[in-house]
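This report concerns only the one structure given below.
The values are calculated or read from the model by the stated rules, or taken from the named source; none is laboratory data. None of the values given here were measured: they were computed from a predicted structure. Every residue, glycine among them, receives a Cβ derived from its backbone with ideal geometry; neighbour counts consider all protein chains shown. Ligands, DNA and RNA are excluded from the accessible area calculation, which covers all protein heavy atoms including side chains. Shrake-Rupley method; radii C 1.70, N 1.55, O 1.52, S 1.80 Å.
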Amino acid sequence: MLDHVIKGAAVVDGTGAPAYTADVGIRDGRVAVIGEVTQEARTSEDATGLILTPGFVDPHTHYDAQLFWDPYATPSLNHGVTTVVGGNCGFTLAPLHPDRPEDADYTRRMMSKVEGMALVALEEGAPWSWHSFGEYLDALEGRIAVNAGFMVGHCALRRYVMGPQAIGGQPTGEQLAAMTGLLREAMDAGAWGLSTTQSTSHSDGDGKPVASRHAGPAELLALSRAVGEHEGTQIEAIVAGCLDQFSDAEIDLFVEMSAAAGRPLNWNVLTIDAAVPERVPRQLLASERARKAGGRVVALTMPILTPMNMSLGTFCALNLIPGWGPILGLPVPERIEKLRDPDVRDGMLRRAQSKEAGVFRRLANFGRYVIGDTYSEANAGLTGRVVEDIAEERGQEPFACLVEICANDELRTVLWPMPPDNDPASWALRAETWQHEDVLLGGSDAGAHLDRMCGAPYTTRFLGDCLRGRKLAGLEQAVKMLTDDPARLFGLRERGRVREGWHADLVLFDPERIDAGPATLVHDLPGDSPRLDSRALGVRAVWVNGVEAIRDDVVTGAVPGRVLRSGQDTETVSTR
């Protein structure tokens, strides 16, 4: 007897093949039969007019902590994501040294700063009962609703072996051997490989460069070689040039790391903007060179524009503009005084519009900011208005106008910059770039920067755009890019396609309605901390390992997800 039958759906199987109408029967967590199902089933449903696809795979999330208080990985699961990849950017919650309990506090403060996670949620929402990476994975086993695989973070490896000297220090030969041994131990327990960062935008809770930023090429290559010794592993890496354009040294590093491991290396995020036409070919030069050297470098890019709010009062991307950090780091009264100084503002604008600002130049058109939440009587009625319109009414320069609005709220005002690359030429360039063999859709950062952005709904928003909007990709190709393509990159065993005998990770949706609702602020994290959430529209149901986990955008309470472990649940994707 079958557990459930989905009758008469248009099956888009993930391979890119044309859709076809069929019944799909599920038994024991697998797709048991595809075709005309005549067997008895415990339950069934009519899916006429609906589309059935494999579950979506999000290749870049930070659900490492959230899964403990939210086993459903919301809102990703609502939007059809059945497998998430965590442990990215060099940051993981394990391993933790058993003789240094203070390392857990350091890790929480680092994650709060660098990934925008509420500190109280990290403190109260996770048990922090592990030391080894395997113990961390075991703590999640059997209690999550999505499938989840994790890289092991370079920062955690360094901190475990070197203690506080991980910041600023270089490992001895003995310490490097201990680090590679610790990485091997984590991969033996199921880690998917190594993640690391050298990005200048990544600082810890003390404002210092995170541990992996102090690593030299020899250390990174030693760890990469260790990755290549284990089955089903990968590398994920971030460097400063990911934000704009790679230096020659960064391209060399990526190529050498991937070739040393004989494994794919993925990075994020490739920003595609027709106003900067040289960026895409420069960034993909790393991929071209890697293939010649026996490696593979894959760029993640988002198929939607994900709004991210800004603030002059709390740490955000504005702090990363050259020269802005010291000013925005001052106590609020001093900060307001500085920001009201025309000479200071002129200097800030020059730095924001300079070449050294790189991709942060996108944030420098302050007239094109939309005012979000406000908190003072002086700002009543400004929510939803564009700064340049307000500035024109007041006879002010836009940045000066924005500063005054924020000062009225003691800098608590929420600001939403309009994306500068929402133009036909940029969308055409995206559609072209998506076809590159070393470009993968993803980079949502789901689980991070919770009150600033909501990237998790990229799956449903992209499908809605393909079906009823710009139509930059056909449905079958769009589904393949969200399912089989990431599954094959990570070597997921028997996932990513609707195929008999494969795991029944499935999404059933209405093609006339599939989309994502607007991001709204909710207070549902531990400690009543805020985050942005987004409703899934048109998603009838989501199954994880054959068990219904979502029905009409509501979690069912089931936790059928699995911790996916390298070697066991992933196979090697060799670059040689």
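Could you check how many percent of all C-alpha pairs in the chain are farther apart than 41 Å?
Details: 36273 of 165600 pairs.
Across the chain, Cα pairs with separations above 41 Å total 22 percent.
Sort the following peptides by mean Cβ neighbour count (other Cβ atoms within 10 Å, averaged over residues), highest first: 421-428, 494-501, 400-407. Intermediate values should be presented prior to the final figure.
On the way: 421-428: 14.1, 494-501: 19.4, 400-407: 21.9.
The densest-packed peptide leads the list: 400-407, 494-501, 421-428.
So for Y375, Y72, what's the accessible-area order with a 1.4 Å probe, most first?
Working: Y375 105, Y72 50 Å².
Putting Y375, Y72 in descending order of accessible area: Y375, Y72.
Under a crude label model (7 Å from the Cα following the beta-carbon direction), how far is E397 from W69 in nanometres?
About 4.3 nm separates the two model spin labels.
Roughly speaking, to the nearest percent, how much of the chain's 1.4 Å accessible area is carbon and sulfur? Don't jump to the answer; show the numbers that get you there.
Details: 10080 of 20830 Å².
Percent of accessible area from carbon and sulfur atoms in the chain: 48.
How large is the Rg to Rh ratio of the stretch 317-474 when both quantities use alpha carbon positions and Rh follows Kirkwood?
Numbers: Rg = 18.3 Å, Rh = 17.9 Å.
With Rh from the inverse mean 1/r over Cα pairs, Rg/Rh is 1.02.
Shape call for the stretch 417-528 from the C-alpha gyration tensor, a ≥ b ≥ c root eigenvalues: rounded (a/c under 1.5), prolate (a/b greater than b/c) or oblate? Let's see the in-between values first.
Values: a/c = 1.60, a/b = 1.13, b/c = 1.41.
Oblate is the answer for the stretch 417-528, as a/c is 1.5 or above yet b/c matches or exceeds a/b.
I'd like to check one number: the per residue accessible area of the chain, probe 1.4 Å, reported in Å² as a whole number. Provide the component values of the computation, followed by the final result.
Working: 20830 Å² over 576 residues.
That works out to 36 Å² per residue.
Pairs K208/K338; K292/K480; K208/K292: which exceed 30 Å Cα-Cα?
Details: K208/K338 24 Å; K292/K480 26 Å; K208/K292 37 Å.
From K208/K338; K292/K480; K208/K292, over 30 Å: K208/K292.
Give, as ranges by residue number, the residues of the stretch 55-92 whose backbone N falls under 19 Å from the point 7 Å along Cα→Cβ of V554.
71-80
I'd like the distance between the alpha-carbon centres of the stretch 194-220 and the stretch 88-137, rounded to an integer number of Å.
Taking the Cα centre of the stretch 88-137 as reference, the centre of the stretch 194-220 is 16 Å away.
Quickly work out the D389-to-D46 label distance, labels modelled 7 Å from Cα along the C-beta direction, and quote it in nm with one decimal.
So the label points at D46 and D389 sit 4.7 nm apart.
So what is the 222 nm mean residue ellipticity for the chain from helices alone, if each DSSP H run of at least 4 adds -39500 (n - 2.57) and you divide by all residues, rounding to the nearest 500 deg cm²/dmol?
On the way: 18 runs with 175 residues, N = 576.
Counting only the DSSP helices, I get -9000 deg cm²/dmol.
Run the simple label-point estimate for V332 and D188 please: 7 Å along Cα→C-beta, distance reported in nm.
Result: 5.2 nm between the two label points.
Please compute the length gained on full extension between E141 and Q39, using 0.36 nm multiplied by the number of residues separating them and subtracting their Cα-Cα distance. Numbers along the way, then the final one.
Details: separation 102, 0.36 × 102 = 36.72 nm, distance 3.30 nm.
Between E141 and Q39, full extension yields an extra 33.4 nm.
Given an 8 Å cut-off on Cα distances and at least 6 residues of separation, report the relative contact order of the chain as a percent.
Values: 1328 pairs, mean separation 124.4, N = 576.
Relative contact order here is 22 percent.
Arrange the peptides 304-312, 156-164 so that the one whose residues have, on average, the most other Cβ atoms within 10 Å appears first.
On the way: 304-312: 20.0, 156-164: 23.1.
The packing order, highest mean first, is 156-164, 304-312.
With just the Cα atoms defining each centre, how far is the stretch 488-510 from the stretch 223-260? Give it in Å.
28
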